[in-house]
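Encoded as structure tokens, the structure appears first; notes follow it.
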Amino acid sequence: MAMTIYELANACGATIEGDNAEQIIIAANDITNAKIGQVTQLTQVRYRHHLQTSQASACFIANDFDVDNVPDALVLLRCSDPEMAFVKAVTLLHPNTNYSATISAQAVISKNAVIHQNCHVGAFVVINDGVEIGENSEILAGVYLGQNVKIGKNCRIYPYAVIYDDCEIGDNVIIYSGAIIGADGFGYKFRNGQHVKVPQIGNVVIGDNVEIGANTCVDRGALGSTVIGSGSKIDNLVQIGHNNKIGQHVIVCGQTGISGSCTIENYAILAGSAGIADHVKIGQGAVVMARAGVANDVAPKTQVFGSPAKEKRVAYREQVAISQLPDLLKTIKRLEERVVELENSKA
């Protein structure tokens, strides 16, 4: 969607600084690659020098961000929050693909399913008995919806996602391709030399405004529900085990694994490749740093690192100490040799 700098500034709550307000903007780009007809952003001092050589036509920048040697053709868009203004600009200039409110003749849909107004159902979708899909939701090609699945309003389920029986999805939820919602949890009892499967008869309940990344798996509860709270964002390639209770506005980054029956409280962040043992509680606002292995509860608003995970400052000090071990060992060896020399001299 093309628009003038003037229109873009008004839409994003920015003040124009410079000429060429009628210049047409057709796209957004980062500050190192933006060209004529594109808008960019500058939010960090370390990238300030790129502005001097930028070919962009416009740049979102904070009201109090000082810059000089700005190209004559570049218009500054001053605002209080350039990051969010840029996000809005990207949304306006690059709108999502819209799917028509149609139901493909190649979809397999139970007569007992309820599909509300203005929904899109793509080719080769399978919708089983008891499914309910809220208005304006989009179920793209190849999606499988098991029995009694409930999907709210304005959702988008991307191709080849699978949602097993009895799972409940809130409003404005996005589930990306390859995600598996509601497969059996990994529960077994070892008896008589073999692993006996524990039946998994619960479900998954996903709140409003949640995103589930590609190839992520969310297991159903063994008896109750695995829950993901409203506003939480789950990255690609994440494993969420059975009976987990994930709060609101939680961030879970790629390749993280959460064992069963954990509680992840509101606003917690689990960075990439974090591993969480079963029955662990991550407190509100806590941060589990990348590749941390968490075996014990994490207090609210703390940051942990390492494996086993410890409070960040403690873990960093230990890492520094470990890096010094080779030199310490050399020092100890020299001291041992000196002690031997002194003992020999007394003999």
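With both partners inside the chain, how many of the DSSP beta bridges are antiparallel, as a percent to the nearest 5?
Values: 11 of 79 bridges.
Of the beta bridges lying entirely in the chain, close to 15 percent run antiparallel.
Among 50, 116, 242, rank each residue by its count of other Cβ atoms within 10 Å, from fewest to most, as a rough exposure measure.
Details: 50 17, 116 14, 242 26.
Ordered from fewest to most neighbouring Cβ atoms within 10 Å, 50, 116, 242 come out as 116, 50, 242.
May I ask which residue of 280, 12, 248 lies farthest towards the positive end of the charge dipole of the chain, with charges of +1 (Lys, Arg) and -1 (Asp, Glu) on Cβ and the Cα centre as origin?
280
Among 46, 334, 220, 291, rank each residue by its count of other Cβ atoms within 10 Å, from fewest to most, as a rough exposure measure. Walk me through the numbers on the way to the answer.
Numbers: 46 6, 334 10, 220 25, 291 16.
Fewest-to-most Cβ neighbours within 10 Å comes out as 46, 334, 291, 220.
Out of 23, 258, 104, whose Cα points farthest toward the positive end of the dipole of the chain (charges: +1 Lys, Arg; -1 Asp, Glu; placed on Cβ)?
Highest projection toward the positive end goes to 258.
Divide the volume of the convex hull of the Cα atoms of the stretch 44-93 by its number of residues and quote the answer in cubic angstrom per residue.
Numbers: hull volume 3.9 nm³, N = 50.
Hull volume over Cα atoms, normalised by residue count, gives 78 Å³.
Amide H of residue 307: which non-local residues (sequence gap of 5 or more, or other chain) have their own amide H closer than 5 Å, using H built in the peptide plane?
Hits under the 5 Å cutoff: 293.
Working out 0.36 nm times the residue gap between residue 346 and residue 90, then minus their Cα-Cα distance, what length gain in nm do you get to one decimal?
Details: separation 256, 0.36 × 256 = 92.16 nm, distance 8.10 nm.
In short, 84.1 nm is gained.
Using only helices, what value at 222 nm comes out for the chain when you add -39,500 (n - 2.57) per DSSP H run of length 4 or more and divide by the total residues, to the nearest 500 deg cm²/dmol? Don't jump to the answer; show the numbers that get you there.
Details: 5 runs with 58 residues, N = 347.
That calculation yields -5000 deg cm²/dmol at 222 nm.
As I understand it, the dipole of the chain uses +1 on the Cβ of Lys and Arg and -1 on the Cβ of Asp and Glu, about the Cα centre. Which of 188, 124, 178 lies farthest toward its positive end?
Among 188, 124, 178, the one farthest towards the positive end of the dipole of the chain is 188.
What is the calculated FRET efficiency for residue 284 to residue 323, with r their C-beta to C-beta distance and R₀ = 51 Å, to the nearest 0.05? Spell out each step's value before the answer.
Values: r = 33 Å, r/R0 = 0.65.
So, using R0 = 51 Å, E works out to roughly 0.95.
Would you mind estimating how fast the stretch 108-313 diffuses translationally, via Stokes-Einstein at 20 °C and 1.002 mPa s with the Kirkwood radius over Cα pairs, in µm²/s?
Values: Rh = 17.2 Å.
For the chosen part, D equals 125 µm²/s.
Could you give me the radius of gyration and the Dmax of the chain, taking only the C-alpha atoms into account and expressing both in angstrom?
According to the Cα coordinates of the chain, Rg and Dmax are 27.3, 100 Å.
Quick check: pseudo-label points 7 Å beyond the Cα along Cα→Cβ at residue 45 and residue 273, how many nm apart are they?
Label-label distance for residue 45 and residue 273, simple model: 3.2 nm.
How long is the stretch 254-347 along each principal axis, judged by its Cα atoms, biggest number first, in Å?
69, 22, 21
With a Förster radius of 35 Å, plug the Cβ-Cβ distance of residue 338 and residue 314 into 1/(1 + (r/R0)^6) and report the FRET value to the nearest 0.05.
0.55
In sequence order, what are the phi-derived ³J(HN,Hα) couplings for the stretch 205-219 according to the Karplus relation 6.51 cos²θ - 1.76 cosθ + 1.60 with θ = phi - 60°, rounded to whole Hz, with x for glycine and proline?
Whole-Hz 3J(HN,Hα) from phi for the stretch 205-219: 10, 10, x, 6, 6, 9, 10, 10, x, 4, 6, 8, 10, 10, 7.
Compute the distance in nm between two label points, each set 7 Å from the Cα along the Cα-to-Cβ direction, one at residue 197 and one at residue 15.
It works out to 6.6 nm between the two label points.
Ranking 269, 206, 5 by Cβ neighbours within 10 Å, fewest first, what do you get? It would help to have the intermediate numbers written out before the result.
Numbers: 269 18, 206 30, 5 22.
With the sparsest Cβ surroundings first, the list reads 269, 5, 206.
Can you give the Rg to Rh ratio of the stretch 1-116, both from alpha-carbon atoms, with Rh computed by the Kirkwood formula?
Numbers: Rg = 19.1 Å, Rh = 15.6 Å.
Result: Rg/Rh = 1.23.
Given the Cα-Cα distance of residue 112 and residue 297 and 0.36 nm per residue of separation, how much length would full extension add, in nm?
Values: separation 185, 0.36 × 185 = 66.60 nm, distance 4.51 nm.
My answer for the length gained is 62.1 nm.
Residues of the stretch 156-190 with the amide nitrogen closer than 14 Å to a label point 7 Å from the Cα of residue 132, along Cα-to-Cβ, please.
What the label zone holds, given the 14 Å backbone N cut-off, is 166-171.
Using 0.36 nm per residue of separation minus the Cα-Cα distance, give me the extension gain between residue 68 and residue 102 in nm, one decimal. Walk me through the numbers before you get to the answer.
Working: separation 34, 0.36 × 34 = 12.24 nm, distance 5.32 nm.
Gain on extension, residue 68 to residue 102, equals 6.9 nm.
Taken together, the values in this text are just the output of simple stated rules run on the coordinates, not laboratory data. Quick caveat: nothing in here was measured; it's all calculated off a predicted structure. Note: ideal-geometry Cβ built from the backbone for every residue, glycine included; neighbour counts use all protein chains shown.
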